[in-house]
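Report on the structure given below.
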Amino acid sequence: MAKNYWMVVMTPEDFAITKERGFDLHGMRSRHRRRAQRMEPDDMVLIYVNGIRKWTAITHITSRYFESDEPIWQSLGRSDAFPFRVKTAPSIVLEEDDYIDARIIGPRLEYVKRWVPERWPLAFMDTLHLLPQRDFRLIEGEMRKIVTGRPGRRRRSRGGRGRDRQRSQWASGRDNGRSGRRERDAAPESESTD
């Protein structure tokens with residue numbers, strides 16, 4: 001069972017490199033040495049892509065941290081060693097059309113409560129975060145619904161309207177259309193003729 005729940009923030013370019021590698025490795029900058037030392041096998045890692053503000057995948061750590069100077073990822077357009085690394089394996093990988101929009105769920109996270117509501121994206125400015133388990137489980141639960149196609153989530157048509165429906169349901173707190181059905185099926189209130 002995971003001891004820690006991490007969120008890594010990647011650029012779209014670094015995410016593409018990590019995805020191409022099969023999510024087998026994650027690298028951290030020199031300033032994250034202490035956090036890297038804290039990472040252990042079975043810790044969970046949520047991947048957030050900052051250029052598009054979406055959660056895309058979950059991996060789990062399969063090794064203790066180690067050091068390597070082999071350039072793999074990019075940093076501001078140049079190769080950067082990201083010397084502290086852990087081996088990882090994919091747990092959930094979403095298709096690009098199913099990435100979870102952080103603008104919908106992000107404001108509900110405990111982790112962002114220190115920021116004023118309209119500035120919550122500032123919470124994700126750094127590249128490595130230790131999340132509360134509750135926040136991690138919320139996003140993981142949404143990812144699992146998407147990949148398993150469980151009832152309660154309608155599969156989106158290729159027209160793209162499903163994402164708008166998903167946004168409005170998350171934002172309103174409705175249970176994927178069920179409460180809408182209850183409102184439709186409820187008996188109309190009788191008008192008073194006083």
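The values are calculated or read from the model by the stated rules, or taken from the named source; none is laboratory data. Since this is a predicted model, take the numbers as computed values, not measurements. Every residue, glycine as well, gets a Cβ built from its backbone with ideal geometry; the counts of neighbours run over all protein chains shown. Side chains are part of the model used for accessible areas, which takes the heavy atoms of the whole protein and leaves out ligands, DNA and RNA. Shrake-Rupley method; radii C 1.70, N 1.55, O 1.52, S 1.80 Å.
State whether the residues of the range 121-143 include one that is among the hydrophobic types (A, V, I, L, M, F, W, C), open to solvent by 10 Å² or more (accessible area, probe 1.4 Å), over 25 Å from residue 35 (Cα atoms) and out of contact with any strand residue (DSSP E or B) (no Cβ under 7 Å at 6 or more places or on another chain). The answer is no; no qualifying residue exists. Quick check: anything in the range 71-84 crowded, with 17+ Cβ neighbours inside 10 Å and either modelled with pLDDT of 95 or more or among the hydroxyl-bearing types (Ser, Thr, Tyr) (or both)? No, there is no match, as no residue in the range 71-84 is crowded, with 17+ Cβ neighbours inside 10 Å and either modelled with pLDDT of 95 or more or among the hydroxyl-bearing types (Ser, Thr, Tyr) (or both).
Residue by residue, here is whether (1) aliphatic (A, V, I, L, M); (2) part of a strand (DSSP E or B); (3) under 16 Å from the mean Cα position of the chain (by Cα); (4) under 23 Å from residue 141 (Cβ atoms) holds:
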| position | (1), (2), (3), (4) |
| --- | --- |
| 7 | yes, yes, yes, yes |
| 14 | no, no, yes, no |
| 36 | yes, no, no, no |
| 48 | no, yes, yes, yes |
| 52 | yes, no, yes, yes |
| 55 | no, yes, yes, yes |
| 70 | no, no, no, no |
| 86 | yes, yes, no, no |
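Of all the residues in the range 21-34, those that are crowded, with 19+ Cβ neighbours inside 10 Å and more than 19 Å from the chain's Cα centre (by Cα) number 1. On the stretch given as the range 110-120, residues that are under 23 Å from residue 12 (Cα atoms) and surrounded by fewer than 16 Cβ atoms within 10 Å (Cβ to Cβ) total 1. Looking across the range 54-68, the residues that are among the polar types (S, T, N, Q) and open to solvent by less than 50 Å² (accessible area, probe 1.4 Å) come down to 56, 59, 63, 68.
Residue 43 falls short of the stated requirement of being loosely packed, with under 15 Cβ neighbours inside 10 Å, touching a residue at least 12 places away in the same chain (Cβ under 8 Å) and farther than 18 Å from residue 11 by Cα.
Within the range 1-58, being β-branched (Val, Ile, Thr) and closer than 10 Å to residue 127 by Cβ holds for 8, 9, 11. Being among the aliphatic types (A, V, I, L, M) and free of Cβ contacts under 8 Å to residues at least 12 places away in the same chain holds for only one residue in 9, 116, 93, and it is 116.
Could you please let me know if residue 152 is modelled with pLDDT of 85 or more and small (Gly, Ala, Ser)? Judged against the criteria, residue 152 is not a match. Filtering 107, 90 for residues that are open to solvent by 40 Å² or more (accessible area, probe 1.4 Å), part of a helix (DSSP H, G or I), in contact with a Phe, Trp or Tyr (Cβ under 8 Å, 6 or more places away or on another chain) and not basic (Lys, Arg) leaves a single hit, 107. Taken together, the residues in the range 124-137 that are part of a helix (DSSP H, G or I) and either in contact with an Asp or Glu (Cβ under 9 Å, 6 or more places away or on another chain) or farther than 19 Å from residue 114 by Cα (or both) amount to 3.
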